[in-house]
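K.L.:
Supplied in structure tokens, the structure appears directly below.
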Amino acid sequence: MPLPPDQFRTTMGRLVAGVTVIGVRDEAGQSRGMTASAITALSLEPPMLLVCIDRKAAIHDVLVKARTFSVSILAEDQEPIARRFAELGRHDFEDGDGPSGPFGLPSIADALAHLECARGPVFGGGDHSIITGTLEWARARDGAPLCHYRSTYSGLRP
């Protein structure tokens with residue numbers, strides 16, 4: 001018998017995760033984003049990652065249909081941004097949120113890294129969709145990351 005959801009959440013909360021904002025443009029060209037910590041490297045050649053998105057997430061369908069998406073890996077002082085994009089109804093980027101890369105996708109200013117991906121296959125995974133992406137462009141800077149641990153945010157000194 002599978003673990004109850006509360007026990008699973010409590011147990012997996014012991015796994016430290018980096019915090020990102022996934023960005024995408026909807027069919028009308030509006031920049032949308034959401035906080036995500038269920039993201040990981042998938043392949044070195046070609047360079048791929050995967051991100052797991054709850055099917056009930058406000059921008060789930062936009063991400064699944066998009067040809068491209070961005071990932072901003074947040075720095076330790078960017079907790080307010082993580083909280084903003086995690087709130088219901090707060091998924092629109094604002095003017096000046098961050099520079100765009102070559103695909104013109106939204107990003108978070110001063111994040112540790114920005115990546116732009118071509119969306120690959122999407123798979124089902126329980127109540128989530130597993131969205132794969134091939135990295136087409138990236139830039140990074142030094143700094144400490146924002147982490148998620150036991151339902152709270154904290155920094156991690158390199």
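Taken together, the values in this text are just the output of simple stated rules run on the coordinates, not laboratory data. Please read these numbers as outputs of a predicted model, since none were measured by experiment. With ideal geometry, Cβ positions are generated from the backbone for all residues, glycine too; neighbour counts draw on all protein chains shown.
K.L.:
So if I place +1 on the C-beta of Lys and Arg and -1 on the C-beta of Asp and Glu, and nothing else carries charge, what would the dipole magnitude of the chain be about its Cα centre? I want it in debye, nearest 20.
P.N.:
380 debye
K.L.:
So what is the relative contact order for the range 96-158, in percent, with contacts set as C-alpha pairs under 8 Å and at least six apart?
P.N.:
24 percent
K.L.:
Suppose only helical runs count, i.e. DSSP H with n ≥ 4. What mean residue ellipticity at 222 nm does that imply for the chain under -39500 (n - 2.57) per run, divided by all residues and rounded to the nearest 500 deg cm²/dmol?
P.N.:
-3500 deg cm²/dmol
K.L.:
Normalised by the residues of the chain, what does the relative contact order come to in percent, with Cα pairs under 8 Å and at least six apart?
P.N.:
Result for the chain is 28 percent.
K.L.:
Can you list which of the trypsin sites (Lys or Arg not before Pro) found in the range 2-45 are DSSP loop residues with at most 13 other C-beta atoms within 10 Å?
P.N.:
Arg14
K.L.:
What percent of all Cα-Cα pairs in the range 92-148 falls into each 10 Å bin, going from 0 up to the bin containing the maximum distance?
P.N.:
20, 37, 37, 6
K.L.:
Can you give the net charge of the other residues whose Cβ lies under 15 Å from the Cβ of Arg119, counting K and R as +1 and D and E as -1?
P.N.:
Its environment carries a net charge of -1.
K.L.:
Compare the peptides 134-143, 78-87, 55-64 by average per-residue count of other Cβ atoms within 10 angstrom and give them in order, highest first.
P.N.:
Per-residue mean Cβ counts within 10 Å order the peptides as 78-87, 55-64, 134-143.
K.L.:
Can you grab the distance from the C-alpha centre of the range 66-102 to the C-alpha centre of the range 14-38, Å, no decimals?
P.N.:
6 Å
K.L.:
Let me ask something else. Among Asp54, Asp127, Asp92, which one shows the biggest mean-square fluctuation in a GNM of the chain, springs joining Cα atoms closer than 10 Å?
P.N.:
Of Asp54, Asp127, Asp92, the Gaussian network model singles out Asp127 as fluctuating most.
K.L.:
Can you list, bin by bin at 5 Å, the percent of alpha carbon pairs in the chain, starting at 0?
P.N.:
Final binned percentages: 2, 9, 18, 23, 22, 15, 7, 2, 1, 0.
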